[in-house]
Amino acid sequence: MGNCCAYLGPQKNTNVRVSLPAVCFVWQIAMIILFGVFIRYDEESDAHWVETRRHENISSDIENDFYYRYPSFQDVHVMIFVGFGFLMTFLKRYSFGGVGFNFLIAAFGLQWALLMQGWFHSLDHTTGKISIGIESLINADFCCAGSLIAYGALLGKVSPVQLLVVTLFGVTLFAVEEYIILDLLHCRDSGGSMVIHAFGGYYGLGISWILYRPNLHQSKQLIGSVYHSDVFAMIGTLFLWMFWPSFNSAITDHGDGQHRTAINTYLALASCVLTTVALSSMSQKKGKLDMVHIQNATLAGGVAMGTAAEFMITPYGALIVGFCCGIISTFGYLFITPFLEKYLKLQDTCGVHNLHAMPGMLGGFVGAIVAAAASESVYGKEGLINTFDFEGKYANRGVGTQGGFQAAGTCVAIAFGLVGGAIVGFILKFPIWGDPADDNCYDDEVYWEVSLYFGH
Amino acid sequence: MGNCCAYLGPQKNTNVRVSLPAVCFVWQIAMIILFGVFIRYDEESDAHWVETRRHENISSDIENDFYYRYPSFQDVHVMIFVGFGFLMTFLKRYSFGGVGFNFLIAAFGLQWALLMQGWFHSLDHTTGKISIGIESLINADFCCAGSLIAYGALLGKVSPVQLLVVTLFGVTLFAVEEYIILDLLHCRDSGGSMVIHAFGGYYGLGISWILYRPNLHQSKQLIGSVYHSDVFAMIGTLFLWMFWPSFNSAITDHGDGQHRTAINTYLALASCVLTTVALSSMSQKKGKLDMVHIQNATLAGGVAMGTAAEFMITPYGALIVGFCCGIISTFGYLFITPFLEKYLKLQDTCGVHNLHAMPGMLGGFVGAIVAAAASESVYGKEGLINTFDFEGKYANRGVGTQGGFQAAGTCVAIAFGLVGGAIVGFILKFPIWGDPADDNCYDDEVYWEVSLYFGH
Amino acid sequence: MGNCCAYLGPQKNTNVRVSLPAVCFVWQIAMIILFGVFIRYDEESDAHWVETRRHENISSDIENDFYYRYPSFQDVHVMIFVGFGFLMTFLKRYSFGGVGFNFLIAAFGLQWALLMQGWFHSLDHTTGKISIGIESLINADFCCAGSLIAYGALLGKVSPVQLLVVTLFGVTLFAVEEYIILDLLHCRDSGGSMVIHAFGGYYGLGISWILYRPNLHQSKQLIGSVYHSDVFAMIGTLFLWMFWPSFNSAITDHGDGQHRTAINTYLALASCVLTTVALSSMSQKKGKLDMVHIQNATLAGGVAMGTAAEFMITPYGALIVGFCCGIISTFGYLFITPFLEKYLKLQDTCGVHNLHAMPGMLGGFVGAIVAAAASESVYGKEGLINTFDFEGKYANRGVGTQGGFQAAGTCVAIAFGLVGGAIVGFILKFPIWGDPADDNCYDDEVYWEVSLYFGH
């Protein structure tokens, strides 16, 4: 196979034996130093908790936030590592890279996320220390999700060293846009339609657009799936699908907010499956279903409910969102991805445009509309305050204003994604990162010791 | 492969390009309308909860039922989608259909289940509204389980459109029989030995019996497994096995009931593995184990504890139930399934007779016996009342009577399954559903775009 | 394939058709009898709980220990069955044995563990009864983990009957060494660095050392993986990796202890991934990653935090432990395993020396050092007492003494593992167990009905 391509000139150097270990070691040592300087246990995870508790007259262990959050944390953790990881095993010869590099990115990114998000959200300005607890771990997983989504657009076309660069900048940009959207604009976005999905999707598309490979067709024999790689990908799909109610509700307010978020997400996802199947069947000869649609578009309902699930969108409102997203996302796989590739020179391996970018943007706007339509009669006086956190300096913000800010937040997320992605794309064009040649993409043999594919 | 069968006459028309999208769209739109008219958030998931709470002097968020139920809900969710889904990937060429149509059925069924079960259990007769919360979601998953079990008997022999019909009627029948058994007969059946497994199993067998295919042997080259499809199926087995304690305890009473149910189920399942291995080894030349038994019969202990796990069956009682069910279920795979096929003209792809119908029936009767043997000395005065809910108009029911009603409930479940299945079977015989021809069964290529099976 | 080896003399008799069913039946019947005599529900899972509760003025269901433990219990359960099971599917022709025998061992072992651990920890000396509850189930899973780790060293070289013997003795030895370490020496070891990993690892190595097969190279064509068996193994890796915070924190004290344990484990594991990738890449031509390292060494950080995660090791301390363990474990796969095989005649199929024995031993010593370095200024007066349980007759134990006892506990675990393993190894050398011949190892066809590997 190598010989026939000899006329293409010298292969790119994909040797990462120096760069990959160097980046990993330097990075991990930097993390240890920064954690040593900045990171401390928060009040609830510190051994002094027992004294704090007595001091504050807290009677029961269960009042520790940990017990409200931990089951959802583990569900989110599964989504990040098994969900995203296995969803990306669908290529016939890139399953190691799909699940393995996903693992690397997430383990790398979550440490940096604890620092960056902690810097913005839990820095004690007196002591200069950042305190971490269960909610920090969930947020770090969320933050990694942004970079993992971006990886979906790049799958098979970049080196692991490039992915670490993508993650370094991705996490940093995430922390900044999250701070702007949640803190400065005071948006609500518990499941991250804007902050995670719109940002992550457009970030990946921005990078992929800059890294356009005109001769990628030389790897076209490896772009498809084989039977069992599609079954592996269904593991990813199902764990994402099942645990999405936990994803959207993991950091909502205790009580009705968390409960309602789970219900709304569950409904939107169920509805989304039906319309995905419908459109997938309509689009193929003899009504056959396409695994690509089933693996991906069925999840779009969860993405699009990332903002509004917390609100009183009503159960049928959730179904409508899922209904539309199944159609839009499948439509994206059928027509928009080929269009982007052909006319915008944008190669999007997993179709993150259809699963994250577009549904995330829609989710942001749905959230804005539902927020603007909120009223005291529906939420109750205190319910409205609780849901939108109209307290302190936001005590007088009206729901209309809130809706406007939610829409503005969506635009901020997209802008950060596109501009950040373009800049990172240019950085990745330097010829030092060990990325594969155009005829060498989607192939695990470039970065992995691969023994046998089949046989004895 | 197609050519050699030409003498069989024209192939059936398996084109579902119109019917499948039509059913999905019509159905999903109907759901949106019905949800709009009927479904509302319950008190605990409504933003007014904060006011209700103050009104009722509830001090802590944790008293929200959500926090007791949510972890079990997610475990049940995993069982429905990954457990049932992957258990049905074992066929060499029907893994897409196994996991994919399972996904479709469940997403379709759970919406209808929320309406049907809500109609019977949480309809406010004043407002005409059904309120949903976390327990509704669990019950909807349970309700879908009935139809997914039925799918096990039909795997590879029906079209996705037929499966939606199976689900539509399956969920409806489930809601009715559940209402009769739990509300009218006042049975206890927290893990659904009767309501879910006996009903679902006999429902599938009833359908399959009517849909008997005399020439199914023409597809016999596709009825087996390949090495890795059996490993995929073990994913399903293990997630079902591990989470069965959550399944049986998901909607039991808080406290000792939930705790005891988990322990009993755990023990019965452990015991069941040993006797399954023993019988499987005994049955084969040189003592070799058969994957079919390990994948299925090891689960029969959980099925059979669906009713009695909540009771004071004692730990060794749980082990005995598991012991017997491992033997009975493996015996079923060895002798009863071939017998049913040969003499009763009943083709049961996954052997749901051995895993669900028979152990479910047994579980119903075990529950009846354990209930009839209950006493105040074992349960305590209040424990007995709590466990069997002897309150209100049932305050004077004795344990003997309760045992009788439990046995009657089992018969109701079986009757609903068999009769309902037969009727649905006749409906599915109309030549409009796009089902495959006899020489075209167990083949994903009929309803899925399949690229490569193996190779480059 | 059989013919070419004819000159090796008669094949071993691997027929287990009598021995395997006999052991399973006898064992399961013995369990039923022993459970009948000894095992009862504990107070919280007994129907009398409602009366106990009123008696003790307990107001809320949530004070039932069940609700603190159940989510972690299920995570541990997943690690035992899916985690360990799928991690051992990596061999090209031993995936059935990997996941299937793991299932058998665990289901067998956990019943015996409930009895043995209950004997030491929850025997009521007045009534002679052992009471079990949710914590017993978690501990039983932990106890099985010891034998499953040992299986890792033996994978592919022993018969299922031998594995049941390994488990019988493994669980018994575990219960004794656990009693010595936790009760007599009063060590803290919530995640079992010493009790589970060091013991289990050395136990397996001890057995494997005695069972050395000089002609094992005759099976060398089956010792590797194929592409998709490596992807299956990643399922095991990821579920172990993700749920390790639950593993280490499952039986810690409620509140800050549980919270801190989860955070520390999460951080150590993240750090471990980076250094594993670094060393794996450095060790291969062109910097290619080796799946064996990614599947295994990434987990060493969790093993090594099994003791110290509960302590105030600080977040950067956790990162340092993970950093070192990734390096040490990968180094082990590269150099120590080949060394052991060549010079010490020790064949360790999964490399449990690198993943469990060595990191477990290290974890024990890290725990000793962190304990010895504890102080009231860091833990608070009560925090120190709570964390190390310095109450009753241990009220006057100092942290230095505690550190010494922790180190002694590690040595006890290793000694039990090595000596116990050697003795069990000799028992397994009797020619009655149906183990495979040297040219017949790593092959599922010996103990499983295998249909097709690939193809139609």
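The values are calculated or read from the model by the stated rules, or taken from the named source; none is laboratory data. The structure displayed is predicted, hence computed values, not measured ones. Methodologically, a virtual Cβ is constructed for each residue, glycine included, from the backbone with ideal geometry; neighbour enumeration extends over all protein chains shown.
A few remarks follow.
- Filter result (touching a residue at least 60 places away in the same chain (Cβ under 8 Å) and of a type in the set (S, T, Y)) within the stretch B:374-403: B:Y379, B:T387, B:Y394
- Sole residue being within 30 Å of B:L222 (Cβ to Cβ), in a loop (DSSP other than H, G, I, E, B) and not charged (D, E, K, R), chosen from B:G170, B:G156, B:G152, B:G146: B:G156
- Unique residue being crowded, with 24+ Cβ neighbours inside 10 Å, within 14 Å of another protein chain (Cβ to nearest Cβ) and within 14 Å of the chain's Cα centre (by Cα) when the list is B:G192, B:G204, B:G236, B:G170: B:G236
- Filter result for C:D438 (touching a Ser or Thr at 6+ places or on another chain (Cβ under 7 Å), surrounded by 22 or more Cβ atoms within 10 Å (Cβ to Cβ) and either under 30 Å from B:K286 (Cα atoms) or at pLDDT below 95 (or both)): no
- Where a residue in the stretch B:324-345 is surrounded by 15 or more Cβ atoms within 10 Å (Cβ to Cβ) and its partner, wherever it lies, is among the β-branched types (V, I, T), with Cβ under 6 Å and at least six apart: B:G326/B:T275; B:G326/B:T276; B:I327/B:T275; B:T330/B:T276; B:Y333/B:V292
- Filter result for B:H228 (surrounded by 23 or more Cβ atoms within 10 Å (Cβ to Cβ), free of Cβ contacts under 8 Å to residues at least 24 places away in the same chain and of a type outside the set (S, T, Y)): yes
- Residue within the stretch B:52-74 that is hydrophobic (A, V, I, L, M, F, W, C), modelled with pLDDT of 95 or more and within 29 Å of B:G306 (Cβ to Cβ) present: yes
- Verdict on A:F339 being of a type in the set (F, W, Y), more than 9 Å from every other protein chain (Cβ to nearest Cβ) and assigned to a helix (DSSP H, G or I): yes
- In the stretch A:300-328, the residues that are over 22 Å from A:G409 (Cα atoms) and polar (S, T, N, Q): A:T314
- Entry remark, the stretch A:239-261: residues being closer than 26 Å to B:H48 by Cβ, touching a Phe, Trp or Tyr at 6+ places or on another chain (Cβ under 7 Å) and within 9 Å of chain B (Cβ to nearest Cβ) number 7 in total.
Yes/no matrix, rows are residues, columns are (1) within 16 Å of C:Y70 (Cβ to Cβ); (2) small (G, A, S):
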| site | (1), (2) |
| --- | --- |
| B:S246 | yes, yes |
| B:S271 | no, yes |
| B:V277 | no, no |
| B:S283 | no, yes |
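- Members of the stretch B:268-297 found to be more than 7 Å from chain C (Cβ to nearest Cβ) and among the hydroxyl-bearing types (S, T, Y), listed by number: B:T276, B:S280, B:S283
- Residue within the stretch C:215-226 that is over 30 Å from C:G425 (Cβ atoms), assigned to a helix (DSSP H, G or I) and within 7 Å of chain A (Cβ to nearest Cβ) present: no
- Answer residue from the stretch A:298-319, given it is within 12 Å of chain B (Cβ to nearest Cβ) and under 16 Å from A:L279 (Cβ atoms) and is surrounded by the most Cβ atoms within 10 Å (Cβ to Cβ) among those: A:G301
- The residues in the stretch B:190-214 that are part of a loop (DSSP other than H, G, I, E, B) and either hydrophobic (A, V, I, L, M, F, W, C) or within 14 Å of B:L155 (Cα to Cα) (or both) can be counted, and the count is 3.
- Residue within the stretch A:118-139 that is touching a Lys or Arg at 6+ places or on another chain (Cβ under 6 Å) and buried (at least 24 other Cβ atoms within 10 Å of the Cβ) present: yes
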